[in-house]
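Here the structure comes first, spelled out in structure tokens, and everything after it is commentary.
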Amino acid sequence: MTSMPFTARRSGIRVAGGRTATPDDARTVRPRLVRSRLVRPGVVLGLLALLAAPAAAQEPMSWSEFRALDRVEADAREVWGEGEDAFGEVYLPEGEGPHPVVVLVHGGCWQSIAGVGYVSHLARRIAQEGWAVWSPEFRRIDQPGGSWPGILEDVGRATDHLRALAPRHDLDLERVVAMGHSSGGHLALWLAARPKLDPLDPVARALRGDDPLAPVGVVGLAAIADLDDFHRAEGGGCGARSVERLLDAAPESWHDRLALSSPTGALPLGVPQLMVTGALDATVASAHAEHWAGLARAAGDPVEVVIPEGAGHFEVVAPWASTFAPAWREIADFLRRTEPR
């Protein structure tokens, strides 16, 4: 009996506003069937029908499934300040430096339900592309000292600590890209906005620091970009009061804090941006990425938007997921095209 071929395609992507991705070529897979005298012809025909049928669409990965996975060990653990959460993990590429750097900021709705461990697989994949990765931990809003402005101060200080890490790990600080997932995407975009905060305003200066390290590009993975828009969408999968909890203020009184905390207040950011959000993301809708891109482009920023079909909230940071592959091609290409400061 000759095995019957079936055709499978890798997950495609839809690109909005930038380059149009070319669809992958179909590949033919020929499964092996073992002839057995004990298998009746009707059963064989049934098996062949199953093999020939298109695969059913998979449900997006859940948080419980994602966090159950073992983490990848980092190459180094570095302390950037005081306190149990003032540390970060370093992932290094093979070969000699100086290595360009990705500051990889984890998400978790700005809360301690998540930490650096869940982005470890992505960090290792980035390092395999030739980039060093600095994945900082920081106080979250449900931890002592993490409420506004603590979480922002921590992420800023941890990023500036790259200057201390550069000699030890041979890092190229002229090519630093901020990348973040979900609420970490907000923080990554904020790192690009941070140098534009007013150094003469005492509150803004505390967030900005004396010499903020400015990224030359930003990658937002299912990123919360515009805090006001996210709040009006009832906080997506983070909850209706998530932005209130981040700013530690009610909407009627948060104007000043919102201006300092939402990247929209600093547009144009002056750096290229790539926004990647799954078409099936129920936590941060793909429309949010499109909304941000519209604002940023109108202000003069170059922004690309990639919407991987079939991907949910976590597939965009899961290198083993089939829907990650087309998104990764865009991410890797963006990193390669990033120019030094």
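FYI, it's all coordinate maths here, none of it is from the lab. Note that this is a predicted model, so its numbers are computed, not measured. Glycine gets a Cβ as well: all are built from the backbone with ideal geometry, and neighbour counts include every protein chain shown.
So the values come out like this:
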| item | result |
| --- | --- |
| Coil-residue chymotrypsin sites (Phe, Trp or Tyr not before Pro) of the range 250-324, DSSP, other Cβ within 10 Å capped at 11 | W320 |
| Spatial separation of Cα centroids for the range 58-73 and the range 280-318, in angstrom | 21 Å |
| ³J(HN,Hα), Karplus 6.51/-1.76/1.60, whole Hz, each residue of the range 179-192, x for Gly, Pro | 9, x, 10, 6, 5, x, x, 4, 5, 5, 5, 5, 4, 6 |
| For V105, V133, order by how many other beta-carbon atoms lie within 10 Å, fewest first | V133, V105 |
| Between the range 238-272 and the range 91-161, the Cα center-to-center distance that results, in Å | 20 Å |
| Net length gained if the chain between A332 and L200 were fully extended (0.36 nm per residue, minus Cα distance) | 43.7 nm |
| Long-range HN-HN contacts of G217 with modeled amide H, under 5 Å | A178 |
